[in-house]
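Shown next, in structure tokens, is the structure this report addresses.
The values are calculated or read from the model by the stated rules, or taken from the named source; none is laboratory data. Quick caveat: nothing in here was measured; it's all calculated off a predicted structure. Backbone-built Cβ (ideal geometry, glycine too); neighbour counts: all protein chains shown.
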Amino acid sequence: MEKITSQEMANYVGRHIRKLSPQLKRFKSEENVAAVMQVIVSYMRELCQKKNFRYVQRILSCVGILYQKGDQHIRQHVEYLFMHCLTRMDHLCSSKQWSRIISQLPQGLKEVYIIQHIK
């Protein structure tokens, strides 16, 4: 399994979530994991506000791959920044929609979510 480095993260996300590619151009070849993660979170929040849950799955899948294949820096930002922001989005949708979002979390992210938020 090939690792995704912090420097490659913006390119990887831009290829898998094309709508974010223009916003991520300034971060290409930089190690600004927090900024890239913030772009992802902001887009996901926007989708939830617009009730466009169909595309949320694509984001969750992309972040799941980042968590699985990313270097330690990426994994830490997914565990802390992404998961923290994700749990703050529950008020943007109905409980049924929120349950569906959580059920669509890739296995690695679901494990982190359970450890951090279901005690």
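Listed values, structure above:
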read-out: Check on Tyr113, surrounded by 14 or more Cβ atoms within 10 Å (Cβ to Cβ), within 24 Å of Arg15 (Cβ to Cβ) and in contact with a helix residue (DSSP H, G or I) (Cβ under 7 Å, 6 or more places away or on another chain); value: no
read-out: Pair list, Cβ under 6 Å, 6 or more apart: region 31-45 residue farther than 11 Å from His73 by Cβ, other residue modelled with pLDDT under 95 and surrounded by fewer than 17 Cβ atoms within 10 Å (Cβ to Cβ); value: Val41/Cys85
read-out: Residue satisfying all of: in region 78-107; of a type outside the set (A, V, I, L, M, F, W, C) and part of a loop (DSSP other than H, G, I, E, B); farthest from the chain's Cα centre (by Cα) among these; value: Ser94
read-out: Count of residues meeting criterion [among the basic types (Lys, Arg) and in a helix (DSSP H, G or I)] in region 1-50; value: 6
read-out: Test: residue in region 61-77 that is crowded, with 16+ Cβ neighbours inside 10 Å, of a type outside the set (Ser, Thr, Tyr) and not in a helix (DSSP H, G or I); value: yes
read-out: Check on Lys3, of a type outside the set (A, V, I, L, M), surrounded by fewer than 19 Cβ atoms within 10 Å (Cβ to Cβ) and in contact with a Phe, Trp or Tyr (Cβ under 8 Å, 6 or more places away or on another chain); value: no
read-out: Positions within region 51-60 being in a helix (DSSP H, G or I) and of a type in the set (Lys, Arg), in sequence order; value: Arg58
read-out: Candidates Ser94, Ser21, Ser42 - the one that is over 21 Å from Ile115 (Cα atoms) and modelled with pLDDT of 95 or more; value: Ser42
